[in-house]
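*Asks:* Here it is, the structure, as structure tokens.
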Amino acid sequence: MNVTVIGTGYVGLVTGACLAQIGHQVICVDNNRDKVAALQAGKIPIYEPGLESIVFRHSYRPIDPKADHEAASTPPGFIQFTTDLNRGIEFGDIIFITVGTPALPSGDPNLQYVEAVARGIGQGLIRTQTRSRYRVIVNKSTVPIGSGDWVRMMILDGAAQAAKEELWVGSSVLAGSHSNPRRFDLQSVLPHFDVVSNPEFLREGSAIWDTFHPDRIVIGSDSPTAIAIMRQLYEPIINHSWDPEATPEAQPPVPFLVTDLASAEMVKYAANAFLATKISFINEVATICERVGADVTEVARGIGLDSRIGPKFLNAGIGWGGSCFPKDVSALVRTGADYHCATPILEAVIETNRQQRLRIVEKLQQELKVLKGKTIGLLGLTFKPNTDDMRDAPSLTVIEQLLKLGAKVKAYDPMIQSNQGSLAGVQLESDALSLAQGCDALVLVTEWPEFASVDFDRLAAGMRRALIVDGRNFFSPQQMRQAGFTYLGMGR
Ligand SMILES: NC(=O)c1ccc[n+]([C@@H]2O[C@H](COP(=O)([O-])OP(=O)(O)OC[C@H]3O[C@@H](n4cnc5c(N)ncnc54)[C@H](O)[C@@H]3O)[C@@H](O)[C@H]2O)c1
């Protein structure tokens, strides 16, 4: 199928690449010229394990009959990159919107990028003279409840505006059907499309795996045609046929859940809010564990074995962050406020998380007393391992607090090599051992796997004071103490 993906970030690029991998023809559109130029040159602007090889394998190149076997055996799916929105609109029978919806200071999501794209789609459908060809417009960006209808309205607004402009210049789009441009019938020029909600549940760091092995695919729509097209698009994933090594008959099909538009949009917010709640819950329990002398890792194991609860998202630590949980929980609170619904649980979840980040600094103060003039080393900066994403990372709160208290902050993260924006004032090091040199304390912020195999004796030996605050309960307390560290975990 011909698919266009607008917005080539963490979600759009992974979606486009995976759709190409399962045999679809994909054009990815982005208005960031540098990003598109890099992608056209085969460079992946984000770090996501496995993404580069899929993009490379499916990047469109004209077939040369004299080329080597690899080119000849390139699978039918391909992926191309462009800044030309109209080219994407002309191409795709299915058009995904995957632009960002970052939080505004109010907590509401910023919909300006979705609006720009929706209007652009409407205009493009008129300008490319393809308005009568049926399209499915898929909203994959996380948007507030009711946005599906709003996106439809924006597309129609864009189309009407373009149609009027075409009419004034006597374009062939409308020529002949309207003798008097001032009295044209808008209905007669409306594009033929449906808007579908298809929320995304991928996790950065395992996005490729998640896309090929989703727990469910959710489609919000009341159009049987659009639903059938979306089912056809995802069929290779639903029945596992994309994977030559899979035995589809041994695996149940991926649940394909069809809902109305508003319910699909709510599924996304409710899922993220629930996961954030689970983490804030165990973090609150962790604080009580510390006071009563219990070990939260044992407690989490004990409750996670209950099949009604499950073990996931019960790791106590520095708290949640990233590009989704903070903005999505805030957005749900704002939606509740808009509809006069109290949201005390969600508000407490946010507040617990805010305090949890600060508990790292409290633990340092507890041991080091005054932080002014002390050197603190942060192991990891990204909001989770296996990504380069720094959006709303807990490390940023810790850095801000430490700098405010007069500490010197150093950091090492395998993915972050340059000080930009919110990392101003942080001295970046090239590995964990050089980070530890001269530090009064280390804080494990991101549980990068490589930190498990550091030489802890050398790490401790290089420090002014061998104190470690393990913000993810990642290390073995015994092992760290044997290496000479004073070890502080989270709730253990
Ligand atoms: N990142 C995740 O893990 C994740 C997971 C699930 C859902 N989501 C949701 O998916 C959406 C996208 O998130 P993301 O992390 O991929 O965002 P991102 O910021 O990484 O990417 C957005 C891309 O859209 C492009 N863009 C902006 N305006 C454009 C325009 N007018 N035309 C073309 N391109 C434009 C930007 O240049 C950027 O490349 C958000 O709503 C987010 O909440 C994200």
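The values are calculated or read from the model by the stated rules, or taken from the named source; none is laboratory data. Just so you know, these numbers come straight off a predicted model, no measurement behind them. Every residue, glycine as well, gets a Cβ built from its backbone with ideal geometry; the counts of neighbours run over all protein chains shown.
*Asks:* In this structure, is F81 at pLDDT 95 or above, away from the ligand (no atom under 12 Å from the Cβ) and not aliphatic (A, V, I, L, M)? Give the derivation first.
*Replies:* Details: at pLDDT 95 or above: yes; away from the ligand (no atom under 12 Å from the Cβ): no; not aliphatic (A, V, I, L, M): yes.
For F81, the condition - at pLDDT 95 or above, away from the ligand (no atom under 12 Å from the Cβ) and not aliphatic (A, V, I, L, M) - is not met.
*Asks:* Can you list the helices (runs of 4 or more DSSP H) found entirely within region 363-462 that contain at least 2 residues being under 25 Å from the mean Cα position of the chain (by Cα) and either hydrophobic (A, V, I, L, M, F, W, C) or buried (at least 17 other Cβ atoms within 10 Å of the Cβ) (or both)?
*Replies:* On the way: elements: 394-404, 432-436, 456-461.
Correct list: 394-404.
*Asks:* Can you go through M490, M480 and tell me which one is among the hydrophobic types (A, V, I, L, M, F, W, C) and part of a loop (DSSP other than H, G, I, E, B)? If you could, list the steps in order and put the result at the bottom.
*Replies:* Numbers: M480 fails: part of a loop (DSSP other than H, G, I, E, B).
After applying the criteria, what remains is M490.
*Asks:* Kindly indicate whether R308 is farther than 27 Å from N198 by Cα and in a helix (DSSP H, G or I).
*Replies:* Values: farther than 27 Å from N198 by Cα: yes; in a helix (DSSP H, G or I): no.
Spelling it out, it is not the case that R308 is farther than 27 Å from N198 by Cα and in a helix (DSSP H, G or I).
*Asks:* For region 314-362, what are the residues that are in a loop (DSSP other than H, G, I, E, B), away from the ligand (no atom under 15 Å from the Cβ) and either surrounded by fewer than 23 Cβ atoms within 10 Å (Cβ to Cβ) or of a type in the set (A, V, I, L, M, F, W, C) (or both)?
*Replies:* L314, N315, A316, I318, Y339, H340, C341, A342, T343
*Asks:* Next question, about the same structure. Can you run down the residue pairs with Cβ atoms below 9 Å, 6 or more apart or on separate chains, where the first is in region 48-64 and among the acidic types (D, E) and the partner is part of a helix (DSSP H, G or I) and modelled with pLDDT of 95 or more?
*Replies:* Once the first residue is among the acidic types (D, E) and sits in region 48-64, its partners that are part of a helix (DSSP H, G or I) and modelled with pLDDT of 95 or more give E48/Y10; E48/L13; E48/V14; E48/A207; E48/I208.
*Asks:* Please work out which residue is farthest from E429 (Cα to Cα), limiting yourself to region 327-362 and to residues that are more than 22 Å from the chain's Cα centre (by Cα) and among the hydrophobic types (A, V, I, L, M, F, W, C).
*Replies:* If we take residues in region 327-362 being more than 22 Å from the chain's Cα centre (by Cα) and among the hydrophobic types (A, V, I, L, M, F, W, C), then C341 is farthest from E429 (Cα to Cα).
*Asks:* In the list P105, P144, which residue meets the criterion of being within 16 Å of K268 (Cβ to Cβ) and in the same structural domain as G7 (by TED's automatic domain parsing)?
*Replies:* So the residue among P105, P144 that is within 16 Å of K268 (Cβ to Cβ) and in the same structural domain as G7 (by TED's automatic domain parsing) is P144.
*Asks:* Taking the conditions exactly as written (in contact with an Asp or Glu (Cβ under 8 Å, 6 or more places away or on another chain), within 13 Å of the ligand (Cβ to nearest atom), in the same structural domain as D157 (by TED's automatic domain parsing) and not basic (K, R)), does T128 satisfy them or not?
*Replies:* No.
*Asks:* How do the pairs read when you match residues in region 201-215 that are outside the structural domain of T142 (by TED's automatic domain parsing) and among the β-branched types (V, I, T) with residues anywhere that are modelled with pLDDT of 95 or more and within 12 Å of the ligand (Cβ to nearest atom), using Cβ under 8 Å and keeping only pairs 6 or more apart or on different chains?
*Replies:* Going by the 8 Å Cβ cut-off, there are no qualifying pairs.
*Asks:* Right, next: Could we say that L378 is at negative phi, free of Cβ contacts under 8 Å to residues at least 24 places away in the same chain and among the hydrophobic types (A, V, I, L, M, F, W, C) here?
*Replies:* No; evaluated as a whole, the condition is false for this residue.
*Asks:* Are any residues in region 1-47 surrounded by 16 or more Cβ atoms within 10 Å (Cβ to Cβ), free of Cβ contacts under 8 Å to residues at least 60 places away in the same chain and part of a helix (DSSP H, G or I), and if so, which ones?
*Replies:* Once the filter is applied, which keeps residues that are surrounded by 16 or more Cβ atoms within 10 Å (Cβ to Cβ), free of Cβ contacts under 8 Å to residues at least 60 places away in the same chain and part of a helix (DSSP H, G or I), region 1-47 yields L13, A20, K35, V36, L39.
*Asks:* Now a separate question. So is I208 farther than 19 Å from N139 by Cα, within 17 Å of the chain's Cα centre (by Cα) and part of a helix (DSSP H, G or I) or not? Please lay out each step first, then the result.
*Replies:* Numbers: farther than 19 Å from N139 by Cα: yes; within 17 Å of the chain's Cα centre (by Cα): yes; part of a helix (DSSP H, G or I): yes.
Spelling it out, I208 is indeed farther than 19 Å from N139 by Cα, within 17 Å of the chain's Cα centre (by Cα) and part of a helix (DSSP H, G or I).
*Asks:* Mind listing whichever residues of region 1-34 are of a type in the set (D, E, K, R) and more than 17 Å from Y60 (Cβ to Cβ)?
*Replies:* Step one: list which residues in region 1-34 are of a type in the set (D, E, K, R), which gives 30, 33-34.
Selection gives R33, D34.
*Asks:* Next question. Looking at region 216-235, which of its residues are within 16 Å of the ligand (Cβ to nearest atom), free of Cβ contacts under 8 Å to residues at least 60 places away in the same chain and either hydrophobic (A, V, I, L, M, F, W, C) or buried (at least 18 other Cβ atoms within 10 Å of the Cβ) (or both)? Step through it out loud before you land on a result.
*Replies:* Within region 216-235, the subset within 16 Å of the ligand (Cβ to nearest atom) is 216-220.
Right, trim to free of Cβ contacts under 8 Å to residues at least 60 places away in the same chain and you get 216-219.
I217, V218, I219, listed by residue number.
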